[in-house]
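> Handing you a structure now.
Read the figures in this text as sums done on the coordinates, not as results from a lab. Because the structure is a prediction, the values reported are computed rather than measured. FYI the Cβ positions are ideal-geometry reconstructions off the backbone, even for glycines, and counts take in every protein chain you see.
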Amino acid sequence: MMHRNKKVISFCIHGRSITWHFFHSSSTTDLMLHHINNFLSVRSSTSLRSLTKYHAYIITTGNHSNNIFISSKLISLYANLHDPTSSKQVFDSFQGYKDVFLWNSIIKAYFSNGMYPHCLQSYASMRVLTTLLPNQFTVPMVVSACAEVGDLVSGMIVHGLVFKVGIFDESAAIGASFVYMYSKCGYVESARQVFDEMLMRDVVAWTALVIGYLRNGESEKGLQCVCEMYREDEKPNFRTLEGGFQACGDLEAVYAGRCLHGAAAKSGIGCSILVQSSILYMYSKCGTLKEAYLSFCEVSVKDIKSWTTVIGVYGKWGCIRQCVNGFMEMLVAGIVSDPMVVSCVISGLGNSTCISAGKTFHGFMVRRNYDQGQMVHNALVSMYCKFGLVSYGENVFNSVCILDNDVWNAMVHGYGKVRDGVKCINLFAKMLDLGLEPDHYSLVSVISSCSQVGKMNLGRCLHGYAVKRLMKERVSVSNSLIDMYGNIGNLKTARKLFCRTDKYIITWNTMISAYTHHGCYAEAFSLFNKMILEGTKPTPATLISMLSACAHMAAVEKGEQIHKYIEEHQLLSNVTVATALVDMYAKCGQLEKSEKIFKKMTERDTISWNVMISGYGMHGDARSAIDTFQQMELSNFKPNELSFLALLSACNHAGLVNEGKSLFERMVDYYSLKPNLKHYTCMVDLLGRSGYLGEAENLVLSMPVGIVPDGGLWGALLSACKTHNNPEMGIRIAKRAIECDPKNDGYYVIISNLYDSIGMWEEAKRMRNFMKERGVEKAVGWSVV
């Protein structure tokens with residue numbers, strides 16, 4: 001039989017003496033000692049099975065519940081194996097004195113497993129159930145847990161306690177945790193104040209401040225913080241550099257990004273996969289495609305995120321071939337696509353004008369049976385709406401059948417873009433009925449649609465909706481409301497909205513355009529002058545509106561002042577601005593200045609040529625108008641319907657019948673352009689004035705079915721009949737005119753006068769009686785002296 005005795009074994013752990021008392025035989029004691037030694041050397045990578053085995057051996061010692069170091073080790077190992085419940089059981093079963101070391105162990109067990117409420121609850125228990133104070137190990141975990149759950153009040157209480165007990169400067173980790181907490185809770189200025197109070201600052205504190213600035217949208221301060229860190233010779237880690245590159249990308253500060261890239265490469269941290277991905281993100285956000293591609297090539301492990309970044313930047317900047325090729329290369333590399341990267345390709349195609357490529361890629365997706373989730377559907381609807389192919393967008397939209405804000409907003413915006421006001425309004429109304437939330441783009445589209453289709457009552461309701469949802473704060477919504485009220489002539493309400501809105505240049509332009517549209521040119525000039533005095537720089541759109549006002553008012557002096565401003569700011573190279581100047585001088589009677597500006601234009605478009613041709617016609621110089629048209633053809637510019645309208649008008653004023661007939665035939669036969677009512681009216685007037693009444697009548701009779709003669713055309717032909725003393729034809733034409741427009745009193749008067757001119761008094765009287773029977777009253781003449 002083994003001899004039983006009491007044996008005392010002592011160890012020294014972490015500088016403190018530990019003693020076990022064994023009431024076993026010598027061999028049993030040695031075995032226990034062996035297992036305990038093995039346990040003390042166990043690393044965190046052990047398995048749960050092995051840990052429970054060691055735990056069982058420790059329990060057999062009989063003193064497991066009062067040894068603080070063994071319990072702390074068990075708590076830590078169970079936590080590392082993601083079993084904080086067992087850690088809590090060990091903690092609760094400890095029957096000795098629980099010092100701050102043991103409390104830190106259970107707090108850390110919860111913290112390391114992301115159980116932040118339990119972490120804070122354990123800390124609260126320590127403070128309530130004991131007289132212990134937190135130390136430099138407790139505070140960082142508790143404060144970081146407050147940050148994760150957004151409990152700023154509890155964090156501030158800990159902050160006060162830390163200053164009270166005087167441990168703030170004992171560890172840089174304490175200050176860093178408070179910097180992290182305040183910035184995570186949105187109080188980045190408080191985070192900076194804590195940081196400035198720190199006597200010891202390590203890379204963790206610097207990184208917490210940098211990330212804090214970025215998290216709160218202050219990228220510029222985040223980048224300044226990185227630069228300050230380098231100036232103080234504090235070496236950043238990979239997380240700091242990630243924040244720095246993100247700041248450079250957000251600010252599109254490519255020069256600073258290149259400097260930081262060089263510093264990362266020099267320090268060796270640039271080889272980190274995380275840093276490489278951050279460099280790729282930075283160059284992509286800055287739009288430097290070549291550097292983005294080179295940094296992509298340097299990424300050692302190209303995951304789906306890296307591919308998505310480079311494909312997305314190609315799509316964003318219109319490099320569609322590289323975007324699609326990159327996607328195909330990704331598939332060849334064995335990377336499985338996800339909805340995000342597919343959406344990037346579709347968005348890139350939508351930003352281009354490659355309609356065929358967009359359709360082809362959609363077909364490729366269908367054939368490959370790609371996951372067409374919500375994100376992909378939204379991108380497809382948006383792409384087709386940007387192409388103007390709303391029917392294709394409708395097909396995708398109707399196939400989705402899901403209540404998603406993004407796809408409904410995209411469809412509403414698509415209808416607005418193609419100016420299908422009725423569908424835009426109806427879909428928006430249905431969207432509200434279903435409880436979906438429209439964005440400000442949809443609201444802008446539907447407000448514009450109300451203005452377009454004339455539903456002003458609905459527009460006013462949308463104004464109220466915008467105020468209720470605080471969308472009026474959005475500049476684009478306010479501008480659309482100003483435009484809507486301006487279009488219906490309610491300039492007083494438009495001006496009130498303008499005065500209450502943050503005034504960006506587009507806001508000024510909208511209000512000025514509303515004034516010029518309704519002929520309030522004095523108010524437009526007054527607003528323009530106010531804009532200049534307030535320091536807002538006019539855009540080409542502003543200058544074009546003002547030049548149009550000058551032209552309508554024949555205010556050549558004001559036009560010359562704007563011309564001077566244009567030259568001073570070197571805006572004459574803008575084709576649209578130069579064209580507006582040509583038009584203004586021509587309408588103000590300064591044809592020579594129009595010619596001078598036109599000849600100086602280094603770049604012209606069809607509109608520029610049309611304006612110059614119209615200017616010559618306006619001044620009766622039909623020969624110069626035709627010569628300019630011939631120069632236009634020699635310059636390889638294809639004329640449009642407006643070009644020929646200006647030419648026919650010029651020929652009409654000058655009486656150039658043969659030239660007019662030739663140009664009309666050239667329009668139809670050579671350029672395959674379809675004349676509209678204005679072209680026919682111009683030709684009829686030209687032929688009629690020159691005495692070619694038969695040709696004029698035949699031209700009217702040969703007009704396509706879709707073109708209905710109006711008062712201007714019949715009036716031109718009737719006036720010609722009267723001028724050339726052809727009452728028989730005039731009477732015949734007048735009867736046709738009355739059939740087309742029986743309420744036009746002018747036709748009755750003309751036909752009555754024609755009867756009088758040939759002595760048919762009874763017929764003239766009968767026509768006047770017929771006019772009375774139909775209730776057509778002769779308009780009362782008036783004059784302004």
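> If you bin the C-alpha pair distances of the stretch 315-446 every 10 Å from 0, what whole percents do you get?
The percentages, shortest bin first, are 13, 43, 30, 12, 2.
> So, one more: Compute the semi-axes of the equivalent ellipsoid of the chain, taking the square root of 5 times each eigenvalue of the Cα gyration tensor, and list them largest first in whole Å. Each step should come with its number before you reach the end.
Values: eigenvalues 1412, 156, 146 Å².
Output for the chain: semi-axes of 84, 28, 27 Å.
> Just to be sure I understand the model, the point goes 7 Å from the Cα along the line to the Cβ. What's the resulting E170 to Q95 distance in nm?
Between E170 and Q95, the label points sit 3.1 nm apart.
> Place +1 on the Cβ of every Lys and Arg and -1 on the Cβ of every Asp and Glu in the chain, take the dipole about the Cα centre, and give the residue among G691, M229, V179 whose Cα lies farthest towards its positive end.
V179
> A further question on this structure: Using Cα centres only, tell me the gap between the stretch 563-583 and the stretch 461-503 in whole Å.
Between the Cα centres of the stretch 563-583 and the stretch 461-503 lies a distance of 31 Å.
> Related question: Using the 10 angstrom Cβ neighbour count as an exposure proxy, how do R231, R689 rank, fewest first?
Ordered by Cβ neighbours within 10 Å, fewest first: R231, R689.
> Ok, one more. Could you order peptides 754-760, 195-201, 385-391 by the average number of other Cβ atoms within 10 Å of their residues, highest first?
385-391, 754-760, 195-201
> First check a/c for the stretch 624-685, with a ≥ b ≥ c the square roots of the eigenvalues of its C-alpha gyration tensor; if it is under 1.5, answer rounded, and if not, answer prolate when a/b is larger than b/c or oblate otherwise.
Oblate, because a/c is 1.5 or more while a/b does not exceed b/c.
> Same structure, new question: Which value, in Å³ per residue, describes the convex hull spanned by the Cα atoms of the stretch 84-174? Before the final figure, lay out each step's value.
Numbers: hull volume 7.9 nm³, N = 91.
With only Cα atoms used, the stretch 84-174 gives 86 Å³ per residue.
> Taking the inverse of the average 1/r across all pairs of different Cα atoms in the stretch 403-502, what Kirkwood radius in Å do you get?
Numbers: mean 1/r = 0.0753 Å⁻¹.
So the Kirkwood estimate lands at 13.3 Å.
> Too long at a 24 Å Cα-Cα cut-off: which of K316/K430; K386/K492; K558/K600; K184/K221?
Details: K316/K430 32 Å; K386/K492 35 Å; K558/K600 21 Å; K184/K221 16 Å.
In this structure, K316/K430; K386/K492 exceed 24 Å between Cα atoms.
> Follow-up question, since we're still on this one. May I ask you to derive the FRET efficiency for H619 and E568 from their Cβ-Cβ distance with R0 = 25 Å, giving the value to the nearest 0.05?
0.30
> For the chain, what does the helix formula give at 222 nm: sum of -39500 (n - 2.57) over DSSP H segments with n ≥ 4, over the residue count, nearest 500 deg cm²/dmol?
Using -39500 (n - 2.57) per qualifying helix, the result is -22500 deg cm²/dmol.
> What is the distance in Å between the Cα centroid of the stretch 381-396 and that of the stretch 75-111?
59 Å
> Compute the projected area of the convex hull of the Cα atoms of the stretch 615-770, averaged over all viewing directions, and report it in nm² to one decimal place.
Values: hull surface 38.2 nm².
About 9.5 nm², averaged over all directions.
> Related question: Name the residues of the stretch 150-179 whose amide N is less than 20 Å from a point 7 angstrom out from the Cα of K235 along the C-beta direction?
Residues 172-173 fall inside that zone.
> Continuing with this model, one more query. By per-residue mean of other Cβ atoms within 10 Å, what is the highest-first order of 242-254, 181-193, 300-312?
Ranked by mean Cβ neighbours within 10 Å, highest first: 242-254, 181-193, 300-312.
> Can you tell me the order of 569-581, 213-225 when each peptide is scored by its average per-residue count of other Cβ atoms within 10 angstrom, highest first?
By packing density, highest mean first, the sequence is 213-225, 569-581.
> Between S757 and D627, what FRET efficiency follows from the Cβ-Cβ distance if R0 is 60 Å, with the result rounded to 0.05?
Using R0 = 60 Å, I get an efficiency of 0.90.
> Testing the spin-label approximation: label points 7 Å from Cα along Cα→Cβ at E252 and T360. State their distance in nm.
3.0 nm
> Would you mind pulling out the separation of the Cα centroids of the stretch 128-159 and the stretch 325-349, in Å?
Here the answer is 46 Å between Cα centres.
> Over the Cα atoms of the stretch 302-385, each weighted equally, I'd like the Debye log10 I(q)/I(0) at q = 0.18, 0.21 Å⁻¹, rounded to two decimals.
For the requested q values the scattering log ratios are -0.66, -0.93.
> Using the 10 angstrom Cβ neighbour count as an exposure proxy, how do V128, V407, V467 rank, fewest first?
Working: V128 7, V407 23, V467 13.
Ranked by crowding around the Cβ, least crowded first: V128, V467, V407.
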